Amino acid sequence: MNRIVNPKRKYTHQQMTYDLDSLQKKYPKILTLDIIGESVDGRSIYAIKLGEGKQEILINAAHHAREWLTTNLVMDMIETYCSVVSNDQDVGKYDVKEILNKVTIWFIPMVNPDGVTLVQEGAELFSNRDDLYKWNENQLDFTAWKANIRGVDLNRQYPADWEYIHHDPGHPASMNFKGHKPISEPEVKAVYNFVCKHNFKISLAYHSSGEEIFWKYKSKGKVEQSAKKLADIVSTKTGYQLIYPSENPSGGGFTDWFISNFKRPSFTIEIAPSVGPRPVPLCYYEKIWHENKEVPLELASQLFKCD
Ligand SMILES: [Zn+2]
């Protein structure tokens, strides 16, 4: 079968834009494409809706620039789910058509398109290249970059104990700078507004690397229990380890915010074995795909099992 998305390549924002356009034309009854905002440098931030279910879950990827393989994974999920629905097939034991009739799955495949472009193409095409070199400590190699194009770490921007974030450098940098205030960056603003307009029962943020699942943040009682139950299921499915945070975890992350604000389960999944400060090499893709391809389907099924 002719596939549109090739996840085993350096996957750019431009390629994703072409592919989303093609997917929308191929699967108009299953897929809806939305633009929820623009990056600092004017790149579209897309949200893709699959299904018409009453309940909603959200999967996002690539908050961190160098972690762009998470976009490949999510784009592969989008095409695979569309393809099996239109061909009356299943993914493993999951009847995707039935699941999407009950639960709408939203995807934001690339939260940080400028950062991803910087990692993949270097600084020369950006008008603030002089600042970028300075913030990158005069290194020409940007492959370890995590922040957006203003040197703000988008996963330290959400209003969850933002004031108390640990190890903030206090100025723009390749990673860890939380910004001058929460939600100052347009990429985070787009995600934040989008999530606030919806009623997501569960959310999942893909990161790399380390084969770990962050699930708890500061949750307690019933909120913690329901998250733990799902986290155990996802851990069994992926083989990834559950992380128990310290007494005082650093906040500001998407998942930290979702858990503390909505009192509902949210997970940060770190795909791939630990590879250090760089993009995950493509040779891991097949393994990552097999570990994760059913995760959104399982989370969605858990929702209607609870009805
Ligand atoms: Zn990350």
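Coordinate-derived values only; no laboratory data. All figures in this text were calculated on a predicted structure; none of them were measured in a lab. Methodologically, a virtual Cβ is constructed for each residue, glycine included, from the backbone with ideal geometry; neighbour enumeration extends over all protein chains shown.
Ranked by how many other Cβ atoms sit within 10 Å of their own Cβ, fewest first, the residues Trp289, Trp68 fall in the order Trp289, Trp68. Net length available on complete extension from Leu282 to Lys305 is 4.7 nm, with 0.36 nm assigned per residue and the Cα-Cα distance removed. Full extension of the chain between Asn101 and Arg3 gives 32.9 nm of extra length, using 0.36 nm per residue less the Cα-Cα distance. Counting 0.36 nm for each residue step from Gln89 to Gln14 and taking away their Cα separation leaves a gain of 24.0 nm. Counting beta carbons within 10 Å around each of Cys283, Cys196, Cys82 and listing the fewest first gives the order Cys283, Cys196, Cys82.
Near the amide H of Ile202, within less than 5 Å, lie the amide hydrogens of Leu58, all on another chain or at least 5 residues away, with H placed in the peptide plane. Classification of segment 1-53 by its C-alpha gyration tensor yields an oblate form. The axis ratio a/c (a ≥ b ≥ c) is 1.5 or more, and b/c is at least a/b. Could you tell me the relative contact order of the chain? Use alpha-carbon pairs under 8 Å, at least six residues apart, and round to a whole percent. Once normalised by length, the contact order is 21 percent.
For segment 119-156, the set of GluC sites (Glu not before Pro) satisfying both a DSSP loop assignment and a count of at most 14 other C-beta atoms within 10 Å is given as Glu124, Glu137.
Among the trypsin sites (Lys or Arg not before Pro) in segment 179-233, those located in a DSSP loop and surrounded by at most 15 other Cβ atoms within 10 Å of their own Cβ are Lys220.
Taking a ≥ b ≥ c as the square roots of the eigenvalues of the alpha-carbon gyration tensor, segment 261-303 is classed oblate because a/c is 1.5 or more while a/b is no larger than b/c.
Taking label positions 7 Å along the Cα-Cβ direction at both Gln225 and His166, the computed distance is 3.0 nm, reported to one decimal. Segment 1-54 and segment 206-252 have their alpha-carbon centroids 28 Å apart. Beta bridges assigned by DSSP with both partners in the chain are antiparallel in approximately 40 percent of cases. Inter-label distance, Asp130 to Ser246: 3.9 nm, where each label sits 7 Å from its Cα along the C-beta direction. By the Stokes-Einstein formula, at 1.002 mPa s and 20 °C, the chain with its Kirkwood radius over alpha-carbon pairs has D equal to 111 µm²/s. The helix-only estimate of mean residue ellipticity at 222 nm for the chain, built from DSSP H runs of length n ≥ 4 each weighted as -39500 (n - 2.57), is -11000 deg cm²/dmol after division by the residue total.
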